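The values are calculated or read from the model by the stated rules, or taken from the named source; none is laboratory data. Note that the coordinates shown come from a computational prediction; the quantities given were computed from them, not determined experimentally. With ideal geometry, Cβ positions are generated from the backbone for all residues, glycine too; neighbour counts draw on all protein chains shown.
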Amino acid sequence: MRRTAVLGSAGTLIAGTLIAGAMAAPAASADSGPRTASEARGVAIAAARAAKTGVDWKDCPADWGLAKPVQCGWVSVPLDYSKPNGKQIKLAVDRAKSTGTADERQGSLVYNPGGPGGSGMRFPLRITNKAPLWEKTAKAYDFVGFDPRGVGHSAPISCVDPQEFVKAPKLDPVPDSEADKLAQRKLAAEYADGCKERSGEMLPHMTTPNTARDLDVIRAALGDRKLNFLGVSYGTYLGAVYATLFPDHVRRMLVDSVVNPSREKIWYQANLDQDVAFQTRWDDWKEWVAKNDATFHIGDTPEKVEEQWLKLRAEAKKEPIGGVVGPAELIGFFQGAPYYDSAWVPTAEVWSKYLAGDEKALVEAAGPDLSDTAGNIAAENGNAVYTAVECTDAKWPTDWATWDRDNTELHKDHPFMTWANAWMNLPCATWGVEQQTPVDVKSGKGLPPVLIVQAERDAATPYEGGVELHKRLEGSRLITEKNAGSHGVTNLVNPCINERVDTYLLSGKTDSRDVTCEPHATPKP
């Protein structure tokens, strides 16, 4: 799950003709209606078509930034799986071929980095760039990335003009008055209206179950009988939904930094839980900054660091730094530290420079770059997809009193992210298309062991999510990284985790019981 302070601060085949690459239609779940059953038939038809067509791999377009030997292609999927022969959309896919021998090759490893709204198209670069952690896996698998529906090159959606989207400063997320709240509510409603106006045809179909169906069509197009999947953050929920809908289509599934899949959590409560976890990790970072005061000179106790943070917010509110960095932009930048350990040092360095009288680094890090047209289009698109998927996946409270009560109470002890998160999600309160009931994530017949990796102090996907998914997927194994909180564990150096990931992806073997690993190394200034 991705966080940014934004708002106020987007030929017929029938099932009987399936060929080997497509596999049989998934059974509709017990709590599904006729529509879900028709969608199950639809995905079987689409997968059979994709298995027959395959992917026409070619060099990637020059402006995609994916040099040879990475190859790109397209997979066509129905916009609406209940109408598999109706309108089709094209999904962008790419790959880097496995580096091992023909005997070593085990198929494709398909990746989703999260969001919702994230592109997986850079994943094959882990092979071409010879990333050490993935060297063994790269011998066995083609690394395959894709832009999910609505994202990037895959029928992209939009909710506002991208240049308007990045303009700054935005309203302070922390309200001082009812008037402040009213202004934010107005912006959120306008954003929801903009999504429907600019992307209305796509919105009803921008759901996690549909992206899971797309994943099965991609699997068939790749010529794989079963799916090998790596999902991080929101990608874990995509994987969990895929495992529920297509349990016997899974070969290996590795999920890292897990969204709590409980229907009661998707998505309103999940975001409230996130606010608590972000505060915890923000406090961890402040403690680290204080211990390294000799380097950063921000404060030698966590309390003093917090004082400096509040002072910085107040200064930016009174007069935006460089004319563009207000409190909303500060949160957009500083949230990187509780998100990723890799951001601890650079975030503290920028802050330290500002306190020493150099505001340029902070303006460049936290302010918008209006000249970066492509980057701004990508940022607006990512936010639009995030909003569309979370708002359409599940029912959200429609009464402002609920939002106001829950976030006012939570903000008292967890002020770092609460209101910024609330405004980002508030378009869901006035969403213009029907909101669905989340999939009841659970094991199905034929599902092999799933490997779950979770840091104990993760801010974006709190630890309980990994525990909950582990309970729901029979035979799964949970690896806990103790006393650690970086989001996305499998791409960090921690031999206790790295070796088990390699073993699982190469052999399918897991430990006989759950494993707790010591934390990876703490960042050093």
Among 402, 387, 373, the single one that is in contact with a Cys (Cβ under 7 Å, 6 or more places away or on another chain) and among the polar types (S, T, N, Q) is 387
**Request:** Tell me, yes or no, whether segment 147-161 has at least one residue that is within 25 Å of residue 369 (Cβ to Cβ), in contact with a Cys (Cβ under 8 Å, 6 or more places away or on another chain) and of a type outside the set (S, T, N, Q).
**Result:** yes
Within segment 95-145, residues small (Gly, Ala, Ser), touching a helix residue (DSSP H, G or I) at 6+ places or on another chain (Cβ under 9 Å) and either in a loop (DSSP other than H, G, I, E, B) or over 20 Å from residue 242 (Cα atoms) (or both) come out as 96, 98, 100, 114, 115, 117, 118, 119, 120, 131, 138, 140
Scanning segment 465-480 residue by residue, the ones that are in contact with a Lys or Arg (Cβ under 9 Å, 6 or more places away or on another chain) and under 29 Å from residue 345 (Cβ atoms) total 2
Only one of 164, 190, 135 is surrounded by fewer than 18 Cβ atoms within 10 Å (Cβ to Cβ), at pLDDT 95 or above, out of contact with any strand residue (DSSP E or B) (no Cβ under 8 Å at 6 or more places or on another chain) and more than 30 Å from residue 208 (Cβ to Cβ), namely 135
Checking 462, 368, 427 in turn, the sole residue that is under 23 Å from the mean Cα position of the chain (by Cα), in a loop (DSSP other than H, G, I, E, B), farther than 30 Å from residue 253 by Cα and not aliphatic (A, V, I, L, M) turns out to be 368
Counted residues in segment 371-392 being part of a helix (DSSP H, G or I) and surrounded by fewer than 20 Cβ atoms within 10 Å (Cβ to Cβ) come to 6
Exercise for the section: Would you confirm whether any residue within segment 333-351 is over 26 Å from residue 484 (Cα atoms) and acidic (Asp, Glu)? Expected result: no
In segment 427-440, anything buried (at least 24 other Cβ atoms within 10 Å of the Cβ) and hydrophobic (A, V, I, L, M, F, W, C) is listed as 428, 439
Going through (1) within 30 Å of residue 442 (Cα to Cα); (2) outside any loop (DSSP other than H, G, I, E, B); (3) among the hydroxyl-bearing types (Ser, Thr, Tyr) one by one, residue 262 fails only at (2)
Counting only residues in segment 338-365 that are small (Gly, Ala, Ser) and either under 17 Å from the mean Cα position of the chain (by Cα) or farther than 26 Å from residue 415 by Cβ (or both), the one surrounded by the most Cβ atoms within 10 Å (Cβ to Cβ) is identified as 356
Scanning segment 336-358 residue by residue, those in a loop (DSSP other than H, G, I, E, B) and not small (Gly, Ala, Ser) turn out to be 340, 358
Of the listed residues (512, 486), the one being of a type in the set (Ser, Thr, Tyr) and either in a helix (DSSP H, G or I) or over 23 Å from residue 109 (Cβ atoms) (or both) is 512
(request) Report yes if residue 28 is surrounded by 24 or more Cβ atoms within 10 Å (Cβ to Cβ), in a loop (DSSP other than H, G, I, E, B), at pLDDT below 90 and not hydroxyl-bearing (Ser, Thr, Tyr), otherwise no. (result) no
